[in-house]
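**Student:** Let me begin by handing over the structure; questions about it come next.
The values are calculated or read from the model by the stated rules, or taken from the named source; none is laboratory data. Please read all numbers here as calculations on a predicted model, not as lab measurements. Every residue, glycine among them, receives a Cβ derived from its backbone with ideal geometry; neighbour counts consider all protein chains shown.
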Amino acid sequence: MKILQVNNLVKRFEGVVANNNITFSIEENEIVGLIGPNGAGKTTLFNCIAGYHKPDKGKIFFNGKDITGWPPYQTNVEGIARTFQVIESGGDMSVKEEIMVGGFCRTSNRYLAMKEAVEIIEFMKLQDVQDMKLTELPVAQQKRVGLARALATKPQLFMLDEVAAGLTPSEIEEMKELIVNIQKKWNLTIFIIEHVMQLVMGISARVIVLDGGVKIAEGTPDEVAHNEEVIKAYLGERYAKVRKG
Ligand SMILES: Nc1ncnc2c1ncn2[C@@H]1O[C@H](COP(=O)(O)OP(=O)(O)O)[C@@H](O)[C@H]1O
Ligand SMILES: [Mg+2]
């Protein structure tokens with residue numbers, strides 16, 4: 001069954017068409033990657049789906065329901081959660097409290113939110129830092145708190161925006177394993193923006209490629225990696241960067 005269907009989505013900012021007539025769908029329990037150069041429109045697409053931006057044109061259906069233009073708290077209650085490229089702290093809260101906040105989108109019961117936060121904290125191996133503040137943690141742990149906070153809202157569709165950025169190679173491997181385990185444990189559908197090819201190509205069943213706001217390709221990681229247009233727009237540039245070190 002389709003969990004997400006995006007039809008002819010257009011989002012403009014003054015002078016820039018950040019999303020230009022994008023159409024795709026995601027099946028339940030799939031892991032789908034979203035790649036493309038900086039400025040391609042990936043985060044904008046996430047923002048339109050999760051309700052942080054209103055699309056100028058097009059439709060977004062979640063479980064068959066038209067959610068186009070719904071605000072973030074409503075898409076969240078409906079079952080969509082996302083992480084942010086830059087993880088901002090909710091202020092003076094502990095890691096545990098930050099994670100509990102996620103639960104309050106569904107329940108006002110403090111005990112229940114606490115119980116669920118504890119389960120997520122254990123799964124994410126954040127026990128040792130749960131009483132610390134987000135800003136006191138190294139980046140890899142901040143990323144895990146970002147994931148935990150979004151997971152606490154109990155999403156069906158979990159959207160991850162560059163969770164491997166700034167991680168070391170071994171932390172990237174851990175993150176990869178963690179995402180796969182999260183998907184299995186909570187039976188989620190995952191949509192993931194990522195520049196780290198080792199991660200996104202390794203776990204995605206399908207990959208969608210954006211360039212200049214346009215969807216230029218869609219297919220298995222292998223199909224996409226061999227697509228001429230994708231190599232020209234994105235992968236070639238990245239490989240060139242790797243060669244230059
Ligand atoms: N809030 C905004 N206001 C104006 N322009 C924006 C805004 N968000 C994104 N853009 C522009 O839209 C384009 C796509 O950006 P973005 O979706 O962040 O790309 P990506 O995540 O693929 O790097 C860029 O040209 C960016 O400058
Ligand atoms: Mg982005």
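**Student:** Looking only at the range 203-227, how many residues end up being outside any strand (DSSP E or B) and surrounded by fewer than 18 Cβ atoms within 10 Å (Cβ to Cβ)?
**Tutor:** 7
**Student:** A further question follows. Suppose we keep only residues that are buried (at least 18 other Cβ atoms within 10 Å of the Cβ) and among the hydrophobic types (A, V, I, L, M, F, W, C) within the range 179-195. Which one would you say is farthest from LYS42 (Cα to Cα)?
**Tutor:** Only one residue tops the list, namely ILE182.
**Student:** Kindly indicate which of LEU160, LEU167, LEU147, LEU178 is in contact (Cβ under 8 Å) with a residue 40 or more places away in the chain and either within 16 Å of ligand 1 (Cβ to nearest atom) or assigned to a loop (DSSP other than H, G, I, E, B) (or both).
**Tutor:** LEU160
**Student:** Same structure, new question: What number of residues within the range 31-70 satisfy the criterion of being among the polar types (S, T, N, Q) and within 16 Å of ligand 2 (Cβ to nearest atom)?
**Tutor:** Matching residues across the range 31-70 total 4.
**Student:** Return the residues of the range 124-144 that are part of a helix (DSSP H, G or I) and in contact (Cβ under 8 Å) with a residue 40 or more places away in the chain; say none if nothing qualifies.
**Tutor:** Within the range 124-144, LEU134, THR135, GLN142, LYS143 qualify.
**Student:** Which one of LYS42, LYS65, LYS59 is in contact (Cβ under 8 Å) with a residue 40 or more places away in the chain, out of contact with any Phe, Trp or Tyr (no Cβ under 8 Å at 6 or more places or on another chain) and more than 12 Å from ligand 1 (Cβ to nearest atom)?
**Tutor:** LYS59
**Student:** Does TYR73 qualify as being in contact (Cβ under 8 Å) with a residue 12 or more places away in the chain, surrounded by fewer than 16 Cβ atoms within 10 Å (Cβ to Cβ) and within 16 Å of ligand 2 (Cβ to nearest atom)?
**Tutor:** The answer is no for TYR73.
**Student:** For the range 101-112, which residues satisfy the criterion of being assigned to a helix (DSSP H, G or I), within 25 Å of the chain's Cα centre (by Cα) and modelled with pLDDT under 85?
**Tutor:** GLY102, GLY103
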